[in-house]
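For reference, the structure discussed in these notes is given below.
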Amino acid sequence: MNAWADLFQQVNDEATPGWLKSRRIAAFARFEHLGIPTPRDEDWKYTDLKRLNKRQFSMAQTEATVSHTDQAELLDLNAWRIVLVNGVFSPDLSDLSDLPNQVTIEPLSQAITHDQELAGGLVGRLAAIDTDSLTALSHAMAQEGALIRVGSGVVLPRPIQLVYLSTEHESALASWPRIAVVAGPNSQMTIVEQLVGQHASGHYTQRVAELFLEGNAQLTHYLLQTPAEKDLWVGRVHVEQKRDSRYQAFHLNLGGALVRDDFVCELNARGATASLNGLLFGQGRQHLDMHSKVNHNAPNTYSDENYKGILNDRARGVFNGKVIVKRDSQQIEAHQNNANLLLSDQAEMDTKPELEIYADDVKCSHGTTTGQLDENAVFALRARGVDESVARGLLTLAFANQVLDQVTLDAVHDTVEARIAGALPERFNLKGLVLEDQEAQ
Amino acid sequence: MLEIKGLHAKVEGNEILKGLDLTINPGEVHAIMGPNGAGKSTLSAVLAGRDGYEVTAGEILFEGDNLLEMEVEDRARAGLMLAFQYPVEIPGVKNVYLLKAALNAQRAARGEAEIEAPAFMKLVREKLAQMKMDKSFLHRAVNEGFSGGEKKRNEILQMLVLEPKLAILDEIDSGLDIDALRVVADGVNSLRSEQRGVLMITHYQRLLDYIVPDVIHVLADGRIVKTGDKSLALELEARGYDWLLEADAS
Ligand SMILES: Nc1ncnc2c1ncn2[C@@H]1O[C@H](COP(=O)(O)OP(=O)(O)OP(=O)(O)O)[C@@H](O)[C@H]1O
Ligand SMILES: [Mg+2]
């Protein structure tokens with residue numbers, strides 16, 4: 001714990017006064033009291049964070065130079081873009097030009113200098129100091145992030161891209177970005193978060209995002225995670241939804257040493273709909289953990305969740321999907337499905353749907369399956385001359401495509417498809433085949 | 001091109017093939033008929049190399065090579081290919097992927113470069129038209145949601161693109177309407193050549209009107225019990241199999 005205290009001391013000494021500073025001290029006290037979660041905590045039963053205590057982290061103070069190969073990892077989306085390099089805002093890599101009226105996209109550090117009340121009121125409204133110990137730590141340590149506001153009726157013509165880029169460093173760095181998004185009534189937008197890095201420095205990124213959807217707002221949220229081999233990530237997304245709002249997530253977790261996410265949706269008024277779609281793709285000894293909690297707090301609210309896990313080698317995956325239907329939340333629908341594909345005998349998936357239903361007029365379903373590749377299909381492909389390894393690769397990709405096919409943002413789709421096909425062990429390498437077909441169409 | 005000698009094979013410990021001999025020369029079309037459960041599909045599975053079939057005696061030579069020592073994919077690349085009695089649905093794998101992966105695997109085995117995308121698409125469109133299949137089938141998952149007849153057409157489409165030296169067709173006629181039967185038969189006939197062989201398994205004389213075989217065999221109880229020319233099919237149609245089984249037993 002002393003290492004955390006030292007780190008906090010540094011942050012606190014350098015912090016600008018104001019709401020962040022006064023809250024930091026209380027937040028850190030709270031964190032010190034609770035400590036890093038352990039597998040004794042029900043929410044962390046399968047995921048051991050002891051690495052966090054073992055590793056000595058420091059925080060980057062200035063923007064690192066970013067190599068061309070690092071830059072090439074940024075998705076080209078023609079988006080408004082905020083890039084944090086090891087947690088530090090990079091004006092050069094970001095693009096916030098030509099914002100439409102009624103649209104604010106700002107790095108958090110900048111927003112609080114002129115809009116302290118608003119930023120301070122949003123950050124922590126859903127994911128507060130008392131949410132859990134890591135959220136408390138986030139409040140204590142946060143230095144940077146993004147504030148996004150899209151006004152009433154605005155339909156954003158381009159996506160908003162938020163990049164957490166880790167670069168090479170002689171020691172492990174940690175950062176705690178905070179994201180706050182207000183989607184005004186009838187507004188529509190797409191946010192693409194990208195966690196990316198390719199150096200074995202063992203950085204830790206803990207991101208907390210709070211998303212507020214006003215009436216009939218539509219927010220499509222991509223979270224694409226392709227961190228470096230040894231990097232750690234803990235993410236929390238908290239969504240508050242008003243009447244007829246629609247939140248759609250595509251969570252594409254393609255590995256990292258330990259990658260844990262929590263999605264929490266508060267469906268607070270009629271017609272609010274949340275759709276969570278995801279892919280967990282783990283290899284080696286990677287540990288991927290997805291927790292979701294959907295609160296049906298009002299009647300006529302809808303949720304569906306569809307997660308696929310693909311685990312190879314000794315990778316371990318966790319899917320824990322919770323749905324809570326309040327007593328008066330009649331005529332809601334909540335569907336959940338988690339299907340997993342184990343490519344090796346030593347890969348392991350722990351999956352646990354949890355439904356707590358206190359209303360009687362509801363439509364709820366959940367299903368989980370864990371299996372291997374269909375050997376009949378493997379044979380059918382081989383019987384046409386396709387290598388066994390390619391056959392298995394094609395079928396693996398096919399499984400992933402059940403989620404990927406819904407991804408309408410081509411750059412994201414193609415990156416994930418090529419990454420899955422190409423990132424599989426040599427014998428699975430299909431990259432050429434896949435990309436060629438895309439060109440042929 | 002194919003020589004099967006004294007083949008014995010077991011499935012789940014039961015002997016199904018019990019000393020089967022069969023020789024197919026280049027350019028020949030052979031038909032195998034026989035009662036349900038006689039071992040026809042077992043023979044095709046052993047030829048294609050499916051798991052779970054244990055060959056306990058006999059040998060199979062394909063173009064002089066020991067087929068039983070070859071991997072499944074190597075058999076296909078060498079030119080022996082089976083059109084399945086029950087084609088497998090492969091959700092998520094587009095037909096076009098399968099065709100391309102298969103064709104390139106075959107070319108690689110022959111030391112040829114991968115086919116260029118435009119040439120591939122031209123070839124595939126031509127074969128689709130021949131099978132009277134809409135090109136939307138290319139971007140559908142292999143056999144997924146296909147009707148019974150569409151699945152069979154799709155098997156022959158694969159044969160037309162991959163041009164095996166020996167095509168083994170297991171009940172390619174079952175479940176086909178009259179028009180589809182003609183399209184499938186025309187497809188198979190277009191594959192016939194001096195260099196190629198066809199082995200088709202069927203229960204019905206009707207298919208043999210469209211694809212006229214050089215030789216007809218009757219497979220019963222794990223062995224070839226009768227071999228004749230195309231008139232044998234007519235005789236079987238009239239008399240059934242009992243007379244052959246009795247003659248064989250005595
Ligand atoms: N996987 C298996 N497990 C157990 N028995 C099997 C298996 N496969 C085939 N058999 C048995 O082997 C015998 C021969 O089956 P096969 O499918 O070869 O017959 P067939 O001649 O193709 O029949 P049909 O005309 O009905 O298609 C049958 O008795 C069948 O039950
Ligand atoms: Mg059969």
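The values are calculated or read from the model by the stated rules, or taken from the named source; none is laboratory data. The structure presented is a predicted model; accordingly, all values stated were derived computationally and were not measured. Reconstructed Cβ throughout: ideal geometry from the backbone, glycine too, with neighbour counts over all protein chains shown. Ligands, DNA and RNA are excluded from the accessible area calculation, which covers all protein heavy atoms including side chains. Shrake-Rupley method; radii C 1.70, N 1.55, O 1.52, S 1.80 Å.
Hey, A:L252 hits all of (1) among the aliphatic types (A, V, I, L, M); (2) open to solvent by less than 10 Å² (accessible area, probe 1.4 Å); (3) in a loop (DSSP other than H, G, I, E, B) but one; which does it fall short on?
The number of the failed condition is (3).
I'd like the full set of residues that are in contact with a helix residue (DSSP H, G or I) (Cβ under 9 Å, 6 or more places away or on another chain) and farther than 20 Å from B:T23 by Cβ, limited to the range B:209-234.
B:D209, B:Y210, B:D221, B:L234, listed by residue number.
Those residues that are within 23 Å of A:L52 (Cβ to Cβ) and in a strand (DSSP E or B), I need them from the range A:182-216; list them, please. Before the answer, list the steps.
Let us first name the residues in the range A:182-216 that are within 23 Å of A:L52 (Cβ to Cβ), namely A:193-210.
Within the range A:182-216, A:E193, A:Q194, A:L195, A:V196, A:G197, A:Y204, A:T205, A:Q206, A:R207, A:V208, A:A209, A:E210 meet the criteria.
Output the residues belonging to the range A:374-383 that are part of a helix (DSSP H, G or I) and either more than 7 Å from every other protein chain (Cβ to nearest Cβ) or small (G, A, S) (or both). Walk me through how you get there before you give the answer.
Step one: of the range A:374-383, the residues part of a helix (DSSP H, G or I) are A:375-382.
Scanning the range A:374-383 gives A:E375, A:A377, A:V378, A:A380.
In this structure, is A:A418 of a type in the set (A, V, I, L, M, F, W, C), touching a Gly at 6+ places or on another chain (Cβ under 7 Å), closer than 26 Å to B:K122 by Cα and modelled with pLDDT under 90? Before you say what the answer is, go through the steps one by one.
Details: of a type in the set (A, V, I, L, M, F, W, C): yes; touching a Gly at 6+ places or on another chain (Cβ under 7 Å): no; closer than 26 Å to B:K122 by Cα: yes; modelled with pLDDT under 90: yes.
In short, no.
Go through the residues of the range B:126-133 one by one and say whether even a single one is within 25 Å of B:H30 (Cβ to Cβ), charged (D, E, K, R), in contact with a helix residue (DSSP H, G or I) (Cβ under 7 Å, 6 or more places away or on another chain) and open to solvent by 10 Å² or more (accessible area, probe 1.4 Å). Give the steps one after another, and end with the answer.
Let us first name the residues in the range B:126-133 that are within 25 Å of B:H30 (Cβ to Cβ), namely B:127, B:130-131.
When the remaining residues are screened for being charged (D, E, K, R), the result is B:127.
Right, trim to in contact with a helix residue (DSSP H, G or I) (Cβ under 7 Å, 6 or more places away or on another chain) and you get B:127.
After this cut, where a residue has to be open to solvent by 10 Å² or more (accessible area, probe 1.4 Å) as well, the list is B:127.
Within the range B:126-133, one or more residues are within 25 Å of B:H30 (Cβ to Cβ), charged (D, E, K, R), in contact with a helix residue (DSSP H, G or I) (Cβ under 7 Å, 6 or more places away or on another chain) and open to solvent by 10 Å² or more (accessible area, probe 1.4 Å).
Just to be sure, is B:V11 more than 15 Å from ligand 1 (Cβ to nearest atom) and either more than 24 Å from B:L162 (Cβ to Cβ) or at pLDDT below 95 (or both)?
Working: more than 15 Å from ligand 1 (Cβ to nearest atom): no; either more than 24 Å from B:L162 (Cβ to Cβ) or at pLDDT below 95 (or both): yes.
So B:V11 fails the test.
Can you go through B:G111, B:G37 and tell me which one is within 16 Å of ligand 2 (Cβ to nearest atom) and either among the aromatic types (F, W, Y) or farther than 23 Å from B:G197 by Cα (or both)?
Details: B:G111 fails: within 16 Å of ligand 2 (Cβ to nearest atom).
Unique residue meeting the criteria: B:G37.
In the range B:1-11, how many residues are surrounded by fewer than 18 Cβ atoms within 10 Å (Cβ to Cβ) and away from ligand 2 (no atom under 16 Å from the Cβ)? Please lay out each step first, then the result.
Within the range B:1-11, the first condition is being surrounded by fewer than 18 Cβ atoms within 10 Å (Cβ to Cβ), and the residues that meet it are B:3, B:5-6, B:8, B:10-11.
When the remaining residues are screened for being away from ligand 2 (no atom under 16 Å from the Cβ), the result is B:3, B:5-6, B:8, B:10.
Number satisfying all stated conditions: 5.
Looking at A:G124, A:G153, which one is part of a loop (DSSP other than H, G, I, E, B), surrounded by 19 or more Cβ atoms within 10 Å (Cβ to Cβ), at positive phi and in the same structural domain as A:I36 (by TED's automatic domain parsing)?
Working: A:G153 fails: surrounded by 19 or more Cβ atoms within 10 Å (Cβ to Cβ).
Within the list A:G124, A:G153, the selection yields A:G124.
Out of the range B:199-222, which residues are in contact with a Lys or Arg (Cβ under 7 Å, 6 or more places away or on another chain) and away from ligand 2 (no atom under 16 Å from the Cβ)?
B:L208, B:Y210, B:V212, B:P213, B:I216
For the range B:144-190, which positions are away from ligand 1 (no atom under 16 Å from the Cβ), within 16 Å of B:Y210 (Cα to Cα) and open to solvent by 10 Å² or more (accessible area, probe 1.4 Å)?
B:R153, B:D177, B:I178, B:D179, B:R182, B:V183, B:D186, B:N189, B:S190
Given (1) within 10 Å of another protein chain (Cβ to nearest Cβ); (2) open to solvent by 20 Å² or more (accessible area, probe 1.4 Å); (3) hydrophobic (A, V, I, L, M, F, W, C), where does B:A113 come up short, assuming only one miss?
Only one criterion is unmet by B:A113, namely (1).
Kindly evaluate A:Q286 against the criterion of being within 17 Å of the chain's Cα centre (by Cα), open to solvent by 10 Å² or more (accessible area, probe 1.4 Å) and in contact (Cβ under 8 Å) with a residue 12 or more places away in the chain.
Working: within 17 Å of the chain's Cα centre (by Cα): yes; open to solvent by 10 Å² or more (accessible area, probe 1.4 Å): yes; in contact (Cβ under 8 Å) with a residue 12 or more places away in the chain: yes.
When the stated conditions are applied, A:Q286 passes them.
Across the range B:134-143, which residue is surrounded by the most Cβ atoms within 10 Å (Cβ to Cβ) among those that are in contact with a strand residue (DSSP E or B) (Cβ under 8 Å, 6 or more places away or on another chain) and within 12 Å of chain A (Cβ to nearest Cβ)?
The initial filter retains those residues of the range B:134-143 that are in contact with a strand residue (DSSP E or B) (Cβ under 8 Å, 6 or more places away or on another chain), namely B:138-143.
Checking which are within 12 Å of chain A (Cβ to nearest Cβ) leaves us with B:138-139, B:141-143.
On the way: B:L138: 20, B:H139: 12, B:A141: 18, B:V142: 28, B:N143: 23.
For the range B:134-143, the residue satisfying everything is B:V142.
Assess whether B:I24 counts as being within 16 Å of ligand 2 (Cβ to nearest atom) and more than 14 Å from chain A (Cβ to nearest Cβ). Write out each step before concluding.
Details: within 16 Å of ligand 2 (Cβ to nearest atom): no; more than 14 Å from chain A (Cβ to nearest Cβ): yes.
Against the criterion (within 16 Å of ligand 2 (Cβ to nearest atom) and more than 14 Å from chain A (Cβ to nearest Cβ)), B:I24 does not qualify.
Under 6 Å between Cβ atoms, which residue pairs at least 6 apart in sequence (or on different chains) link something in the range A:48-71 that is closer than 13 Å to A:L173 by Cβ with a partner that is open to solvent by 30 Å² or more (accessible area, probe 1.4 Å) and modelled with pLDDT under 90?
Pairs found: A:Q56/A:A3.
Please go through the range A:384-399 and pick out each residue that is small (G, A, S), out of contact with any strand residue (DSSP E or B) (no Cβ under 7 Å at 6 or more places or on another chain) and part of a helix (DSSP H, G or I). Break it down into steps so the answer makes sense when it comes.
As a first pass, look at the range A:384-399 and keep what is small (G, A, S): A:385, A:389, A:391, A:393, A:398.
Restricting the remaining residues to those that are out of contact with any strand residue (DSSP E or B) (no Cβ under 7 Å at 6 or more places or on another chain) gives A:385, A:389, A:391, A:393.
A:S389, A:A391, A:G393 - these are the residues of the range A:384-399 that are small (G, A, S), out of contact with any strand residue (DSSP E or B) (no Cβ under 7 Å at 6 or more places or on another chain) and part of a helix (DSSP H, G or I).
Among the residues of the range A:390-409, how many are farther than 13 Å from A:F250 by Cα and either within 10 Å of chain B (Cβ to nearest Cβ) or free of Cβ contacts under 8 Å to residues at least 24 places away in the same chain (or both)? Walk me through how you get there before you give the answer.
From the range A:390-409, those farther than 13 Å from A:F250 by Cα are A:390-399; that's our starting set.
Narrowing the set further to residues that are either within 10 Å of chain B (Cβ to nearest Cβ) or free of Cβ contacts under 8 Å to residues at least 24 places away in the same chain (or both) leaves A:390-391, A:393-399.
Number of matching residues: 9.
Every residue in the range A:258-283 that is open to solvent by 10 Å² or more (accessible area, probe 1.4 Å) and in contact with a helix residue (DSSP H, G or I) (Cβ under 9 Å, 6 or more places away or on another chain), please.
A:D262, A:Q283
Taking the criterion of being β-branched (V, I, T), open to solvent by 20 Å² or more (accessible area, probe 1.4 Å) and facing chain A (nearest Cβ under 9 Å), would at least one residue in the range B:69-85 satisfy it?
So in the range B:69-85, the residues β-branched (V, I, T) come out as B:72.
Checking the rest, the ones that are also open to solvent by 20 Å² or more (accessible area, probe 1.4 Å) come to none.
Within the range B:69-85 (the criterion being β-branched (V, I, T), open to solvent by 20 Å² or more (accessible area, probe 1.4 Å) and facing chain A (nearest Cβ under 9 Å)), the answer is no, since none of the residues qualifies.
If you scan the range B:23-39, which residues turn out to be touching a Ser or Thr at 6+ places or on another chain (Cβ under 9 Å) and either within 15 Å of ligand 1 (Cβ to nearest atom) or open to solvent by 70 Å² or more (accessible area, probe 1.4 Å) (or both)?
The answer is B:P26, B:A31, B:I32, B:M33.
If you scan the range B:86-95, which residues turn out to be in contact with a Phe, Trp or Tyr (Cβ under 9 Å, 6 or more places away or on another chain) and either open to solvent by less than 10 Å² (accessible area, probe 1.4 Å) or within 16 Å of ligand 2 (Cβ to nearest atom) (or both)?
Here is the first cut: in the range B:86-95, the residues in contact with a Phe, Trp or Tyr (Cβ under 9 Å, 6 or more places away or on another chain) are B:87-89, B:91-92, B:95.
Passing the criteria: B:P87, B:V88, B:N95.
When the residues of the range B:43-57 are filtered to those that are among the charged types (D, E, K, R) and either facing another protein chain (nearest Cβ under 10 Å) or away from ligand 1 (no atom under 13 Å from the Cβ) (or both), which remaining residue is surrounded by the most Cβ atoms within 10 Å (Cβ to Cβ)?
B:R50
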